[in-house]
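All remarks here apply to the structure that follows.
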Amino acid sequence: QQQVKQSPQSLIVQKGGISIINCAYENTAFDYFPWYQQFPGKGPALLIAIRPDVSEKKEGRFTISFNKSAKQFSLHIMDSQPGDSATYFCAAKAFNDYKLSFGAGTTVTVRA
Amino acid sequence: NAGVMQNPRHLVRRRGQEARLRCSPMKGHSHVYWYRQLPEEGLKFMVYLQKENIIDESGMPKERFSAEFPKEGPSILRIQQVVRGDSAAYFCASSPPQTGGWFAEAFFGQGTRLTVV
């Protein structure tokens, strides 16, 4: 079964706008939550990641918000640019595990 | 340092043929993982290998699929007697050895897109 649920499936945002992607998980053993960016024809590349001991992590225009009690986390892309157009995957794994559980992905299109 | 190298990038096979997908991990990485991405789905774990050892193949279909990571050479994912449902993107990832109970971040290759006609 899908261990990580991701929404929306796709979104369109104007240049300069905010893109928000949400993920939810069930497995309380998960304690590492990365986000991957994938361009067409390429492999997923790690974008940003968070551990549950913090509620927010920011790197440049990308911010992860984490709600441990709700078992939800989200990616915010501020000041979205056309170059951000890609598919974004949330993922999760446990500390002592190697298997990543991926969400289904969100295709983001930034219109100039 | 070259990234994870996968080849071929695209592979077309007729139903019933064999598909061989190759993955060369990053230099210094001894752990290899294979994931499969079906259309409009996230990546699904298939198998975890170290040199000459299959550590976890819990995500591999029971039949027709096999994987190896020999002492010399790339890791190979082999699919025998392919069917249309095998059409997908297959990604390999590699990571350095585990330290202190923590599995280091894995880096993904560009994938092999398999099309079965």
>> Pairs needed: first member in the stretch A:5-31, within 13 Å of another protein chain (Cβ to nearest Cβ) and part of a strand (DSSP E or B); second member anywhere, open to solvent by 90 Å² or more (accessible area, probe 1.4 Å) and not small (Gly, Ala, Ser); C-beta distance under 9 Å; at least 6 residues apart or different chains.
In response: A:Lys5/A:Glu26; A:Cys23/A:Lys5; A:Cys23/A:Gln72; A:Tyr25/A:Lys5; A:Tyr25/A:Gln72; A:Asp31/A:Asp53
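State yes or no: is B:Lys51 more than 11 Å from every other protein chain (Cβ to nearest Cβ) and either open to solvent by 60 Å² or more (accessible area, probe 1.4 Å) or under 17 Å from A:Ala45 (Cα atoms) (or both)?
Working: more than 11 Å from every other protein chain (Cβ to nearest Cβ): yes; either open to solvent by 60 Å² or more (accessible area, probe 1.4 Å) or under 17 Å from A:Ala45 (Cα atoms) (or both): yes.
Criteria met by B:Lys51.
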> Just wondering, is there one or more residues in the stretch B:30-38 that are of a type in the set (Gly, Ala, Ser) and at pLDDT below 95?
Replying inline: yes
> When residues of the stretch B:90-117 are filtered for being open to solvent by 10 Å² or more (accessible area, probe 1.4 Å) and under 27 Å from A:Phe33 (Cα atoms), how many remain?
Replying inline: 15
>> For the stretch A:5-32, give me each residue that is buried (at least 16 other Cβ atoms within 10 Å of the Cβ) and at pLDDT below 95.
In response: A:Phe30, A:Asp31, A:Tyr32
>> Looking only at residues that are assigned to a strand (DSSP E or B) and open to solvent by 20 Å² or more (accessible area, probe 1.4 Å) in the stretch A:72-100, which one is farthest from the other protein chains (Cβ to nearest Cβ)?
In response: A:His76
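What do you reckon, is B:Lys71 basic (Lys, Arg), away from chain A (no Cβ under 13 Å), in a loop (DSSP other than H, G, I, E, B) and farther than 23 Å from A:Ser101 by Cβ?
Judged against the criteria, B:Lys71 is a match.
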> In the stretch B:29-43, is there at least one residue being farther than 17 Å from A:Asp97 by Cβ, without any contact (Cβ under 8 Å) to a residue 40 or more places away in the chain and either open to solvent by 30 Å² or more (accessible area, probe 1.4 Å) or of a type in the set (Lys, Arg) (or both)?
Replying inline: yes
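For residues that are more than 14 Å from chain B (Cβ to nearest Cβ) and in contact (Cβ under 8 Å) with a residue 12 or more places away in the chain, scanning just the stretch A:46-58, find the one that is surrounded by the fewest Cβ atoms within 10 Å (Cβ to Cβ). Break it down into steps so the answer makes sense when it comes.
Step one: filter the stretch A:46-58 for residues more than 14 Å from chain B (Cβ to nearest Cβ), giving A:52-58.
Okay, now just the ones that are also in contact (Cβ under 8 Å) with a residue 12 or more places away in the chain, so A:52, A:54-55.
Numbers: A:Pro52: 15, A:Val54: 10, A:Ser55: 12.
This residue is A:Val54.
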> Which condition number does B:Arg22 fail, the rest of (1) closer than 23 Å to A:Gly105 by Cα; (2) open to solvent by 60 Å² or more (accessible area, probe 1.4 Å); (3) in contact (Cβ under 8 Å) with a residue 40 or more places away in the chain being met?
Replying inline: (1)
> What are the residues in the stretch B:34-45 that are facing chain A (nearest Cβ under 7 Å) and either over 22 Å from B:Thr115 (Cβ atoms) or assigned to a strand (DSSP E or B) (or both), if any?
Replying inline: B:Leu43, B:Phe45
>> Under 8 Å between Cβ atoms, which residue pairs at least 6 apart in sequence (or on different chains) link something in the stretch B:60-82 that is under 12 Å from B:Met46 (Cβ atoms) and open to solvent by less than 70 Å² (accessible area, probe 1.4 Å) with a partner that is aliphatic (A, V, I, L, M) and part of a loop (DSSP other than H, G, I, E, B)?
In response: B:Ser66/B:Met60; B:Ala67/B:Met60
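The values are calculated or read from the model by the stated rules, or taken from the named source; none is laboratory data. Predicted model only: the values in this text are computed from it and were never measured. Please note: Cβ atoms are built from the backbone with ideal geometry, for glycine as well, and neighbour counts cover all protein chains shown. Only protein heavy atoms, including side chains, enter the accessible area calculation; ligands, DNA and RNA are left aside. Shrake-Rupley method; radii C 1.70, N 1.55, O 1.52, S 1.80 Å.
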